[in-house]
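One structure below.
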Amino acid sequence: MTPNLLVYHQYADRFLRGLVPDFPGVDIVAATSHEQALAHAGAAEVIVALDSRFDDRLVGAAKNLKWIQVLSTGTDVIDGLTRLDRRRVLITTMRGIHGPQMCEMAIMHMLALTRSLPKMLRNQREHRWERWPQPLLWRKTAVILGVGAIAEDMARCFKTFGMTVFGISRAERKLEHFDRIYLRADMNQAASLADYFVVLAPHSEENDRVVDANVLGAMKPGAYLVNVSRGGVVDEDALVDALRRGAIGGAGLDVFSDEPLPEDHPLWSMDNVVITPRVGGMSNVYVEQCLPLLSANLRAFLAGDTASMVNRVGPAS
């Protein structure tokens with residue numbers, strides 16, 4: 001079995017350099033633009049790309065498609081495609097590789113908010129020497145909505161700062177590094193305990209704006225919301241209202257309902273908000289992070305052992 005494999009990514013050449021030596025029998029081609037991907041899609045049995053790169057045009061052109069390896073954790077875009085035959089096409093994800101960068105992004109937001117980093121940077125630009133007692137993460141409580149692989153890494157990191165860590169999940173369970181797991185039905189109770197409410201849940205119909213005015217209203221006035229998952233999980237109108245009223249201390253936001261965040265959005269001008277442009281899942285070694293899992297799945301696929309492929313989310317039958 002020697003399939004045609006299309007890698008569609010801005011660093012596709014780096015993927016090729018990592019794959020070609022170990023898979024000499026596979027016809028591997030690179031595309032860095034949508035038009036290049038469309039040109040090669042017709043022959044592709046395998047497409048390797050970020051979830052956001054897929055659309056009905058690309059999938060419709062891939063008449064021989066058997067497997068999609070998503071270079072991200074979520075499949076939000078793919079789930080919405082109308083031309084993808086989920087009975088025929090296997091989908092796997094990169095779930096589990098994003099722990100290091102997501103942990104660092106969450107901690108960066110937490111420290112920036114807690115220690116008033118934006119104010120420090122303004123003072124630096126204005127040559128103003130101003131000191132104040134520095135709040136700590138130590139002995140604070142972090143509540144993580146969405147207890148998956150990244151949350152487990154994050155809980156471990158938070159514990160090194162001396163924090164109490166609670167999770168919110170659909171099922172009761174005990175996990176290392178978590179002091180307690182709350183059920184979704186008890187989200188408001190968990191939110192009331194949070195100094196930092198960290199959103200890691202994927203966006204879905206069930207999770208759409210699940211962090212709403214009720215959840216925000218349950219939080220302490222000095223607590224911070226940190227969203228590093230998907231913008232649609234948080235009711236942004238309710239968040240803006242809570243921030244304006246001082247109902248919560250602030251927010252660190254890497255994701256938004258509309259991306260890029262519109263220039264006239266009120267979140268841009270709020271002093272108690274730290275904004276980053278959806279970079280939480282990125283790293284300068286992302287290709288190297290992806291290659292081991294991609295290679296293992298490709299070996300299994302070539303051997304016809306699709307049952308052992310990691311992070312399967314399809315086909316449906």
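The values are calculated or read from the model by the stated rules, or taken from the named source; none is laboratory data. Quantities reported herein were computed from a predicted structural model and do not represent experimental measurements. Backbone-built Cβ (ideal geometry, glycine too); neighbour counts: all protein chains shown.
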(request) Would you mind stating whether residue 115 is in contact with a Gly (Cβ under 6 Å, 6 or more places away or on another chain), among the basic types (Lys, Arg) and over 11 Å from residue 228 (Cβ atoms)? (result) no
(request) State the number of residues belonging to segment 123-152 that are surrounded by 16 or more Cβ atoms within 10 Å (Cβ to Cβ), at pLDDT 95 or above and in a loop (DSSP other than H, G, I, E, B). (result) 4
(request) Quickly run through segment 263-317 and pick out the residues that are closer than 20 Å to residue 73 by Cβ and either in contact with a Cys (Cβ under 6 Å, 6 or more places away or on another chain) or of a type in the set (D, E, K, R) (or both). (result) 278, 288, 312
(request) Test residue 195 against the stated conditions and say whether it is among the charged types (D, E, K, R) and surrounded by 21 or more Cβ atoms within 10 Å (Cβ to Cβ). (result) yes
(request) Report, ordered by the first and then the second residue, all pairs with beta carbons closer than 8 Å, sequence separation of six or more or different chains, a first member in segment 171-193 that is assigned by TED's automatic domain parsing to the domain that holds residue 158, and a second member that is among the basic types (Lys, Arg). (result) 176/156; 177/156; 177/159; 181/173; 181/174; 183/170; 184/170; 192/220
(request) Go over the candidates 271, 258, 237 one by one and state the one that is more than 16 Å from the chain's Cα centre (by Cα) and touching a residue at least 12 places away in the same chain (Cβ under 8 Å). (result) 271
(request) Mind listing just one residue for me: the one in segment 174-188 that is within 13 Å of residue 211 (Cα to Cα) and of a type outside the set (Lys, Arg) and, of those, surrounded by the fewest Cβ atoms within 10 Å (Cβ to Cβ)? (result) 185
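Within segment 171-181, does at least one residue satisfy the condition of being under 20 Å from residue 254 (Cβ atoms) and within 22 Å of the chain's Cα centre (by Cα)?
Of segment 171-181, the ones under 20 Å from residue 254 (Cβ atoms) are none.
The answer is no, given that none of the residues of segment 171-181 is under 20 Å from residue 254 (Cβ atoms) and within 22 Å of the chain's Cα centre (by Cα).
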(request) Filter segment 76-115 down to the residues that are touching an Asp or Glu at 6+ places or on another chain (Cβ under 7 Å) and surrounded by fewer than 20 Cβ atoms within 10 Å (Cβ to Cβ), then identify the one that is modelled with the highest pLDDT. (result) 99
(message) Among (1) out of contact with any helix residue (DSSP H, G or I) (no Cβ under 9 Å at 6 or more places or on another chain); (2) free of Cβ contacts under 8 Å to residues at least 40 places away in the same chain; (3) under 30 Å from residue 198 (Cα atoms), there is one condition residue 111 misses while meeting the rest; what is its number?
(response) (1)
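Listed here are the residues, each with its yes/no results for (1) assigned to a helix (DSSP H, G or I); (2) of a type in the set (A, V, I, L, M, F, W, C); (3) more than 18 Å from residue 95 (Cα to Cα).
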{"site": "154", "(1), (2), (3)": "yes, yes, no"}
{"site": "171", "(1), (2), (3)": "no, yes, yes"}
{"site": "188", "(1), (2), (3)": "yes, no, yes"}
{"site": "203", "(1), (2), (3)": "no, no, no"}
{"site": "209", "(1), (2), (3)": "no, no, yes"}
{"site": "214", "(1), (2), (3)": "yes, no, yes"}
{"site": "222", "(1), (2), (3)": "no, no, yes"}
{"site": "226", "(1), (2), (3)": "no, yes, yes"}
(message) So, in segment 269-301, how many residues would count as being under 21 Å from residue 65 (Cβ atoms) and surrounded by 15 or more Cβ atoms within 10 Å (Cβ to Cβ)?
(response) 7
(message) Given the options 253, 225, 243, name the one that is more than 20 Å from the chain's Cα centre (by Cα) and at pLDDT 95 or above.
(response) 243
(message) List the residue pairs whose Cβ atoms are under 9 Å apart, where the first residue sits in segment 206-223 and is in contact (Cβ under 8 Å) with a residue 24 or more places away in the chain and on the phi > 0 side of the Ramachandran plot, the second is polar (S, T, N, Q) and surrounded by 15 or more Cβ atoms within 10 Å (Cβ to Cβ), and the two are 6 or more positions apart or on different chains.
(response) 209/257
(message) Step by step: first the residues of segment 1-54, then only those that are among the charged types (D, E, K, R) and without any contact (Cβ under 8 Å) to a residue 24 or more places away in the chain, then the one that is surrounded by the fewest Cβ atoms within 10 Å (Cβ to Cβ). Which residue is that?
(response) 35
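Against the condition within 23 Å of residue 141 (Cβ to Cβ), in contact (Cβ under 8 Å) with a residue 12 or more places away in the chain and of a type in the set (Gly, Ala, Ser), how does residue 252 come out, does it pass?
Working: within 23 Å of residue 141 (Cβ to Cβ): yes; in contact (Cβ under 8 Å) with a residue 12 or more places away in the chain: yes; of a type in the set (Gly, Ala, Ser): yes.
Considered against the rule, which asks whether it is within 23 Å of residue 141 (Cβ to Cβ), in contact (Cβ under 8 Å) with a residue 12 or more places away in the chain and of a type in the set (Gly, Ala, Ser), residue 252 comes out as yes.
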